[in-house]
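Colleague: Sharing a structure below in structure tokens format, with a few things to ask.
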Amino acid sequence: MRKIADNQKGFTLIEVMAGIVILSLGLLLLLPMVVTSMQANDFARGSTESSMYLKDKMEELKNMDPPTSGADTIGTVVRTWTVQSVNSSLWQLDVTIDWADRHNRSHSNTITSYMTTR
């Protein structure tokens, strides 16, 4: 029979399996953070997109003479705007965006501005 040398170096099977178990548990603990991060990124994307739609409509209303109230839909985003006369030379412009994230939770953003008559 062949004799095994006493000076062999390396890891035993038990040590390797214990390392894999510890690594797996660590990765499992990171999973909720990944899910939370994905949800936050989805919300940030929708919020940024809705802010762009808000600003676009507000600029469009400020360039109208006279501005008028209305609504439209861009994909799944519903945009409504109202124009109210504050006095003879001042209008209040309100633009509201309603949008839903990928889990169908609805969100809303509103921007208000004032415009003088020309």
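Quick note: the coordinates plus some simple rules give every number you see, no bench work behind them. Note that the structure is a prediction, hence the values are computed from the model and not measured. Neighbour counts run over all protein chains shown; Cβ positions are idealised from the backbone, glycine included.
Colleague: Mind checking which residues of segment 87-113 are touching a strand residue (DSSP E or B) at 6+ places or on another chain (Cβ under 7 Å), surrounded by fewer than 11 Cβ atoms within 10 Å (Cβ to Cβ) and more than 28 Å from Thr36 (Cβ to Cβ)?
Modeller: Listed by number, the list holds a single entry, Ser89.
Colleague: Out of the residues in segment 44-66 that are small (Gly, Ala, Ser) and surrounded by 12 or more Cβ atoms within 10 Å (Cβ to Cβ), which is nearest to Thr117 (Cα to Cα)? Don't jump to the end; show me each part of the working.
Modeller: Taking segment 44-66 as the starting set, the residues that turn out to be small (Gly, Ala, Ser) are 44, 46-47, 50-51.
Applying the additional criterion that residues be surrounded by 12 or more Cβ atoms within 10 Å (Cβ to Cβ) yields 46-47, 50-51.
Values: Gly46: 33, Ser47: 31, Ser50: 27, Ser51: 25 Å.
It comes out as Ser51.
Colleague: Still on this model: Please name all residue pairs, on different chains or six or more residues apart, with Cβ atoms under 7 Å, provided the first residue is in segment 85-107 and is basic (Lys, Arg) and the second residue is surrounded by 11 or more Cβ atoms within 10 Å (Cβ to Cβ).
Modeller: As it stands, the answer is Arg102/Asp42, since those pairs meet every condition given.
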